[in-house]
Amino acid sequence: MELLAPVGSRRYEKKYWTTRSRNIILSTQLTNEGSVTMGRAKEFDREHVLHKAMLVFWEKGYEATSIPDLLNAMGLSRSSLYETFTDKETLYVEALQHYKKIGQNKKDLLVQASSTKEGIRRYFERHIDNAFDANSPPGCLVTNAAIGLNSPDEQFRKLIRERFEELERLFYELLRKGQQTGEIDPKKDIKVLSILLSNLNHSINVVAKVKSDKKELYDMVDTVIEML
């Protein structure tokens, strides 16, 4: 039986490995202290299971979502969930951040708009369609989180507050561009208008949970845009 040289670690200095053990040696990573760390491939797609968790939180809310709910939806063992996401609170925060990332295309309609009113109109058309999308829970994860926010955890509150403020800022910057080009009356208080548009955004999310007529919402958006 062929013997390999001993592994250069104090822990293994008296042990020898057979040819059969080559793969084990090759899959290990020696640290500076000489300890051996086994390389282990991920058994699941992190983004995929995070998306599953997001949908559960979106549908049930943070407080009503249980660990068994998450395990069932994500297809993970309890140990895998905790090893990957630490705890329920950390997972929830990551789910909110994931939701923000997948919603970037909608916000880009405001950032990249060449016309203020057309950019706002296109944003809300996309927003209404998303709010009524049968493939996802009704409304919006962030709006639902704000409504059901009973937790005193400041991290939750800060994350949700930042989402609200970011949307207000995007509306404000687009309205300011509209004033510069003459599309928006320079006498208009665009700070107030940006808050109005942000509140309209969140109210659509709430209405979508109890109504099915999108036309009412489109008409409401048209009325608000005429006021700009």
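The values are calculated or read from the model by the stated rules, or taken from the named source; none is laboratory data. Predicted model only: the values in this text are computed from it and were never measured. Here Cβ is always computed from backbone atoms with ideal geometry, including for glycine, and neighbour counts include all displayed protein chains. Keep in mind that these areas ignore ligands, DNA and RNA; they rest on the heavy atoms of the full protein, side chains included. Shrake-Rupley method; radii C 1.70, N 1.55, O 1.52, S 1.80 Å.
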Assigned to a helix (DSSP H, G or I), farther than 16 Å from I160 by Cβ, in contact with a Phe, Trp or Tyr (Cβ under 8 Å, 6 or more places away or on another chain) and open to solvent by 60 Å² or more (accessible area, probe 1.4 Å): is that true of E125 in this structure?
yes
Condition first: over 19 Å from V49 (Cα atoms) and either in contact (Cβ under 8 Å) with a residue 60 or more places away in the chain or open to solvent by less than 20 Å² (accessible area, probe 1.4 Å) (or both). Now tell me which residues in segment 88-110 satisfy that.
K107, L110
Being open to solvent by 40 Å² or more (accessible area, probe 1.4 Å), touching a helix residue (DSSP H, G or I) at 6+ places or on another chain (Cβ under 6 Å), farther than 26 Å from N144 by Cβ and in contact (Cβ under 8 Å) with a residue 60 or more places away in the chain, is that true of even one residue in segment 181-194?
yes
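Return the residue satisfying two criteria in turn: it lies in segment 112-122 and is of a type outside the set (G, A, S) and open to solvent by less than 30 Å² (accessible area, probe 1.4 Å), and of such residues it is farthest from the chain's Cα centre (by Cα).
T116
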Counting just the residues of segment 157-180 that are over 15 Å from A113 (Cβ atoms) and without any contact (Cβ under 8 Å) to a residue 60 or more places away in the chain, which one comes out surrounded by the most Cβ atoms within 10 Å (Cβ to Cβ)?
E168
Say whether the condition of being in a helix (DSSP H, G or I), open to solvent by 40 Å² or more (accessible area, probe 1.4 Å) and modelled with pLDDT of 50 or more is met by at least one residue in segment 37-44.
no
Give me the helices (runs of 4 or more DSSP H) completely within segment 133-228, filtered to those with at least 3 residues that are out of contact with any strand residue (DSSP E or B) (no Cβ under 8 Å at 6 or more places or on another chain) and at pLDDT 90 or above, ordered by residue number.
154-181, 190-207, 214-227
Looking at the structure I just gave you, is L55 crowded, with 16+ Cβ neighbours inside 10 Å, farther than 24 Å from L228 by Cβ, hydrophobic (A, V, I, L, M, F, W, C) and out of contact with any helix residue (DSSP H, G or I) (no Cβ under 6 Å at 6 or more places or on another chain)?
yes
